[in-house]
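Everything on this sheet refers to the single structure shown next.
The values are calculated or read from the model by the stated rules, or taken from the named source; none is laboratory data. Treat the numbers as computed from the prediction; the structure is a model and nothing was measured. Cβ coordinates were reconstructed from backbone atoms using ideal geometry, including for glycine residues, and neighbour counts include every protein chain displayed. The area values use the complete protein model at the heavy-atom level, side chains included, leaving out ligands, DNA and RNA. Shrake-Rupley method; radii C 1.70, N 1.55, O 1.52, S 1.80 Å.
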Amino acid sequence: AQSVTQLGSHVSVSEGALVLLRCNYSSSVPPYLFWYVQYPNQGLQLLLKYTSAATLVKGINGFEAEFKKSETSFHLTKPSAHMSDAAEYFCAVSGQGAQKLVFGQGTRLTINP
Amino acid sequence: SAVISQKPSRDICQRGTSLTIQCQVDSQVTMMFWYRQQPGQSLTLIATANQGSEATYESGFVIDKFPISRPNLTFSTLTVSNMSPEDSSIYLCSVDQTGVNTEAFFGQGTRLTVV
């Protein structure tokens, strides 16, 4: 079975500051891990994914995440926040590729001018 | 990649009625997935729809409440039956691509409000 915990339902950073969104997972099998972004009234867009290849994964819009097995973490980072990054971010895990995703509770990211 | 179209995009329904949501994919896929996103909440998997067999439901979801059809490899429907205000949610259809480019693709969702 898989589960995901996102620490912090709301994160607020200043424009230009580092973005760090935390995700810890639990999985009984080697996990597939994903970060999705959801803008208001829109569907889900894939930011990046870990599928057992490189542990440091680079995604779209300058985001990246590092898979740390020893810490069961997959935290999302971006060096410099932009106003357009304001959205809801979801971490998800699966033990079967991209099937039957288990989502975290989501983190709402706010960017302050 | 896969492009998913969902209909309707939103609806307001009376309690006690049913709504059928359609999901069309631009390529043939083996499995389709239905998720629910309750207001301010995360996504929860409702069921997996396979062509030619009964859908597989997750714990807490039953066929009588959420019947699913999968008549071919590009189309599925989810019906929300005998609706109550608690069914007000966004319902999303998803397909997966597993392999070199493992990814789940999502439709834009159906925003359902039950009054």
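Miscellaneous remarks
- Checked against (1) within 24 Å of residue A:1 (Cβ to Cβ); (2) in a strand (DSSP E or B); (3) modelled with pLDDT under 95, residue A:45 passes all but a single condition, namely (1).
- Residue within region A:57-76 that is aliphatic (A, V, I, L, M), part of a strand (DSSP E or B) and either within 14 Å of another protein chain (Cβ to nearest Cβ) or open to solvent by 10 Å² or more (accessible area, probe 1.4 Å) (or both) present: yes
- Of all the residues in region A:77-99, those that are over 20 Å from residue B:104 (Cβ atoms) and either more than 10 Å from the chain's Cα centre (by Cα) or within 14 Å of chain B (Cβ to nearest Cβ) (or both) number 9.
- Qualifying residue in region B:27-39 (condition: farther than 30 Å from residue A:10 by Cβ and without any contact (Cβ under 8 Å) to a residue 40 or more places away in the chain): no
Okay, residues lined up against (1) modelled with pLDDT under 95; (2) touching a Lys or Arg at 6+ places or on another chain (Cβ under 7 Å); (3) open to solvent by less than 50 Å² (accessible area, probe 1.4 Å); (4) not in a strand (DSSP E or B):
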| residue | (1), (2), (3), (4) |
| --- | --- |
| B:52 | yes, no, no, yes |
| B:63 | no, no, no, yes |
| B:71 | yes, no, no, no |
| B:78 | no, no, yes, no |
| B:83 | no, yes, yes, yes |
| B:92 | no, no, yes, no |
| B:96 | yes, no, yes, no |
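- Filtered by the rule that a residue be part of a strand (DSSP E or B) and more than 14 Å from residue A:108 (Cα to Cα), region A:15-41 gives A:24, A:25, A:26, A:27, A:32, A:33, A:34.
- Options B:46, B:21: the member that is in a strand (DSSP E or B), open to solvent by less than 80 Å² (accessible area, probe 1.4 Å) and within 12 Å of another protein chain (Cβ to nearest Cβ): B:46
- For region A:30-56, a residue qualifies if it is hydrophobic (A, V, I, L, M, F, W, C) and open to solvent by less than 60 Å² (accessible area, probe 1.4 Å), and the qualifying residues are A:33, A:34, A:35, A:37, A:44, A:46, A:47, A:48.
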